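The values are calculated or read from the model by the stated rules, or taken from the named source; none is laboratory data. Everything numeric in this text was worked out from a predicted model, so none of it was measured. Note: ideal-geometry Cβ built from the backbone for every residue, glycine included; neighbour counts use all protein chains shown.
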Amino acid sequence: MLEVDSINTFYGKSHILHDVSFEAGADEVVALLGRNGVGKTTTMKSVIGLTPPQSGTVRFEGEVVSGDSPSSIANRGIGYVPQDRGMFPELTVEENLTMGLGTAKRDETIMAEIFDRFPRVEERMHQKAGTLSGGEQQMVAMARALMRDPKLVLMDEPTEGLMPSLIPEIADITEEIADSGYSIVIVEQNVDLVLDIADRIYLMDNGRIHEQATPADLRDDETILEKYLGVGI
Ligand SMILES: Nc1ncnc2c1ncn2[C@@H]1O[C@H](COP(=O)(O)OP(=O)(O)OP(=O)(O)O)[C@@H](O)[C@H]1O
Ligand SMILES: [Mg+2]
């Protein structure tokens, strides 16, 4: 489904990603773990085309997409939930969701599925996004990523910055989406959530992927998480 092959990404002259390679198969949930600033978000943005890699390739369903615009990459079936949620606070929830459509037409079957999954989003459709709680805004960001019925969803730290009381609900929704047959690439500091939902985990440091592991590997050998996150389980 997604094959990232040896990408190198820069911000100006700063070389951020060094020969990053990873893949996510159909229905697979893959996680990127690593400390702050190691390049997890840059990896996501490189896949969706917001920071195009200077070398290496990103393939989606066998076709090279690196070099294409973010909207054309999204159009192929990749949804993106950005780390900052990317809300337009002055626009209504409905208008924010429409942003997720790009040039595609609204599909009522997909809308019904989204409302089923996020009843709170349906209740808030005509409210300005800026008046919603952090957890509700995260739901809108997730719903927006599903508007074009993607095959792959990139999720960058869905539980970050939420009030602790809201984390279980967003974690549950993340898990439900992961169980619904999408391919997922997730970045998340909530290790318990990652160990629950990921099939495979890539461990990043300093702009590089150093190892890959399964949740069982990380449970069996706590030194791996200590090395890459500075925490145990
Ligand atoms: N727009 C930018 N311009 C210049 N440097 C940037 C920019 N965005 C990020 N960086 C730098 O690139 C590196 C990787 O950042 P990135 O946001 O990808 O890390 P991250 O692993 O997602 O971190 P976090 O866990 O804090 O979200 C960091 O050194 C960061 O300072
Ligand atoms: Mg980040």
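The table below gives the values:
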read-out	value
Enumeration of residues in region 3-36 that are under 23 Å from Pro158 (Cα atoms), touching a helix residue (DSSP H, G or I) at 6+ places or on another chain (Cβ under 7 Å) and either free of Cβ contacts under 8 Å to residues at least 24 places away in the same chain or in a strand (DSSP E or B) (or both)	Val4, Ile16, Leu17, Val20, Val29, Ala31, Leu32, Leu33
Within region 149-165, tally of residues that are touching a strand residue (DSSP E or B) at 6+ places or on another chain (Cβ under 7 Å) and among the charged types (D, E, K, R)	3
Qualifying positions in region 62-111 - over 18 Å from the mean Cα position of the chain (by Cα), surrounded by 15 or more Cβ atoms within 10 Å (Cβ to Cβ) and over 16 Å from Asp149 (Cα atoms)	Asp68, Leu91, Thr92, Val93, Glu94
Out of Leu152, Leu203, Leu146, sole residue that is within 16 Å of ligand 2 (Cβ to nearest atom), buried (at least 17 other Cβ atoms within 10 Å of the Cβ) and under 29 Å from Ile73 (Cα atoms)	Leu203
Residue check for Gly135: buried (at least 17 other Cβ atoms within 10 Å of the Cβ), under 21 Å from Lys151 (Cβ atoms), away from ligand 2 (no atom under 16 Å from the Cβ) and not aliphatic (A, V, I, L, M)	no
Cβ-Cβ under 6 Å pairs, at least 6 apart or on other chains, region 37-48 side within 14 Å of Ser69 (Cα to Cα), far side more than 7 Å from ligand 1 (Cβ to nearest atom) and of a type in the set (S, T, N, Q)	Lys45/Thr51; Ser46/Thr9
Members of region 11-59 that are among the charged types (D, E, K, R) and near ligand 1 (Cβ under 8 Å from one of its atoms)	Arg35, Lys40, Lys45
Residues of region 208-227 satisfying the condition of being surrounded by fewer than 21 Cβ atoms within 10 Å (Cβ to Cβ) and within 16 Å of ligand 2 (Cβ to nearest atom)	Arg208
Residue count, region 50-109 (criterion: assigned to a strand (DSSP E or B) and away from ligand 2 (no atom under 16 Å from the Cβ))	11
Scan of region 21-41 for residues that are over 15 Å from the mean Cα position of the chain (by Cα), within 23 Å of Thr223 (Cβ to Cβ) and among the aliphatic types (A, V, I, L, M), ordered by number	Val38
Hits in region 114-130 - residues which are touching a residue at least 12 places away in the same chain (Cβ under 8 Å) and assigned to a helix (DSSP H, G or I)	Ile114, Arg117, Arg120, Val121, Ala129, Gly130
Conditions (1) farther than 28 Å from Pro53 by Cβ; (2) touching a helix residue (DSSP H, G or I) at 6+ places or on another chain (Cβ under 7 Å); (3) at pLDDT below 95: number failed by Glu222	(2)
Test set (1) of a type outside the set (Val, Ile, Thr); (2) in contact with a Gly (Cβ under 8 Å, 6 or more places away or on another chain); (3) in contact (Cβ under 8 Å) with a residue 24 or more places away in the chain - Asn190 fails condition number	(2)
Pairs where the first residue, in region 92-105, is farther than 10 Å from Ala129 by Cβ and the second is hydrophobic (A, V, I, L, M, F, W, C) and surrounded by 14 or more Cβ atoms within 10 Å (Cβ to Cβ), C-beta under 7 Å, 6+ apart	Gly100/Ala145; Gly100/Met147; Leu101/Met147; Gly102/Ala74
Arg148 vs. criteria of a type in the set (D, E, K, R) and in a helix (DSSP H, G or I)	no
